[in-house]
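Everything on this sheet refers to the single structure shown next.
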Amino acid sequence: MIHSFIALLPDKCTSCMLCVRECPAWCIHLDSHTEEVTEPGARRPKKINVLDSFDIDYSLCMYCGICVDVCPFDALEWDQHRALISDSRVDLTLGITQLTSEKDSAN
Amino acid sequence: MMNVSVTETVSPEKWRERVLQAHDHGFVFFDFLTAIDRDSGVEVVVRLAFNDLSESISLSTSINHASLRLDSIADIFPGAGWHEREVGEMFGMNFVGNDMQQLLRHEALGLPPMRKNVVLSARVVAEWPGAAEPEIKQDGRKVGNPSRRRQRPPGVPENWLQS
Amino acid sequence: MARYQLAEHPHCEVEVLTAGLACCTLEVEAAVTAGLLIPAQLGNQASTPPSVLVISGTVTDALLPSVLDVIDRYPDAQLMSFGACATSGGPYWDSPPVTKGIDQFSDVAVYVAGCPPRPEAFVAALLSLAQAGISS
């Protein structure tokens, strides 16, 4: 496995912020909010975190994989990926769709 | 293979004497000399070994931030001269008896960079993304924050953020 | 300075000057070793100015004037910011002596993400520059 891309599995992400806080390059940005859901049979509504945005700034990322390691829910994983190049530095910041769809296209 | 390894703390006054003693005892192989910045002062560490590496000794001494002077051991181990200059440059130590000319560091940088009181301004100026918390929203509007605990970025001491 | 042919796109030849400042530079050589780039025959190498100038590795404030000097010498060359260090400071983003991105001082034509980027990324960046050159 070539460690050339860190992919996000958004369904597994609980917005716990561990990856964001452990990242030595401060290159992960995560935005989320809490919602209350009432499950059938439950006495009280449950609070869950809903992921709004997840960005990795690949112009800064050093591919250390600490985020992959610390994620308790395996929501981040190493992935094979084509070359990440761009004519604009801003475009190297990838959001949820790019972080996941790139993974699907590589498979 | 390294078989026996001893660690010993000595006072700054006894530093040179103890290194010389160790040298005469047979610890003639100079491995390295380095330093660690601690609250109590700069701790200088030297590691010496027998020539066949069967035994080694680590000597350390703590010099308080007010003095930062220590006798050089470069005349006992010429190889230590370079290491002492590095420690001088990076920690602001002064090794008495050694030529303490700067090696690599740019003069304009100011304080010795390995000292803990040197503020990495990039970490103070940049907003830490980890400070964000999930927000409680109703109809798309923020109505509260679930945690009042203030998070601090790892590796950024509290007093850096006060300025 | 060297002239390379892209192995998978033989029609595409680029004159490359690499300002190798740190470990990223090894990936350029790796691209040649891996057969992704084929060094063009010796001959008229010195006469052609580079079309691509690769800044690979950590730019420090102390070294910056020399790097800018090289950039100024080849005003027609397109600048490639290769790797996280050249682009943003990368792992050294918090270090006082490190320049946080060469793009603060000169226009960059293509950024390559990675620490280091893979040789394939280098070739892909060269190709994108060459194709942009053909279309414009």
Does segment A:56-86 hold any residues that are more than 9 Å from every other protein chain (Cβ to nearest Cβ), outside any loop (DSSP other than H, G, I, E, B) and under 20 Å from B:P129 (Cβ atoms), and which are they? A:I56, A:I66, A:C67, A:V68, A:D69, A:V70, A:L76
Among the numbered criteria (1) surrounded by fewer than 22 Cβ atoms within 10 Å (Cβ to Cβ); (2) at the interface with another protein chain (Cβ under 9 Å from one of its Cβ atoms); (3) hydrophobic (A, V, I, L, M, F, W, C), which single criterion is violated by C:V67? (2)
Evaluate segment A:1-9: report whether one residue or more is in contact with a Cys (Cβ under 9 Å, 6 or more places away or on another chain), at pLDDT 95 or above, among the β-branched types (V, I, T) and within 26 Å of C:A84 (Cα to Cα). no
Residue that is farthest from the other protein chains (Cβ to nearest Cβ), among those in segment C:89-99 that are out of contact with any Phe, Trp or Tyr (no Cβ under 9 Å at 6 or more places or on another chain) and not in a loop (DSSP other than H, G, I, E, B): C:Y92
Which residues, taken from segment B:8-41, are in contact with a strand residue (DSSP E or B) (Cβ under 9 Å, 6 or more places away or on another chain) and part of a helix (DSSP H, G or I)? B:P12, B:E13, B:K14, B:W15, B:R16, B:E17, B:R18, B:V19, B:A22, B:H23, B:H25
Residues (part of a strand (DSSP E or B), over 30 Å from A:T93 (Cα atoms) and of a type in the set (A, V, I, L, M, F, W, C)) located in segment A:32-55: A:V37
Is it the case that segment A:1-16 has a residue that's within 14 Å of chain B (Cβ to nearest Cβ) and aliphatic (A, V, I, L, M)? no
Of the residues in segment A:36-59, those that are out of contact with any Gly (no Cβ under 9 Å at 6 or more places or on another chain) and among the acidic types (D, E) come to A:E36, A:E39, A:D52, A:D57
So which residues in segment C:100-121 are more than 8 Å from chain A (Cβ to nearest Cβ), buried (at least 21 other Cβ atoms within 10 Å of the Cβ) and under 19 Å from C:S51 (Cβ atoms)? C:I102
If we ask which residues in segment A:1-17 are among the aliphatic types (A, V, I, L, M) and crowded, with 17+ Cβ neighbours inside 10 Å, their number turns out to be 4
Residues that are more than 11 Å from the chain's Cα centre (by Cα), within 15 Å of C:C24 (Cα to Cα) and at pLDDT 90 or above: does segment C:62-83 have at least one? no
Quick one: how many residues across segment A:57-85 are hydrophobic (A, V, I, L, M, F, W, C) and within 16 Å of C:V112 (Cβ to Cβ)? 6
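The values are calculated or read from the model by the stated rules, or taken from the named source; none is laboratory data. Quick caveat, the model's predicted, so the values are computed rather than measured. No Cβ is skipped: glycine too gets one built from the backbone with ideal geometry, and neighbour counts run over all protein chains shown.
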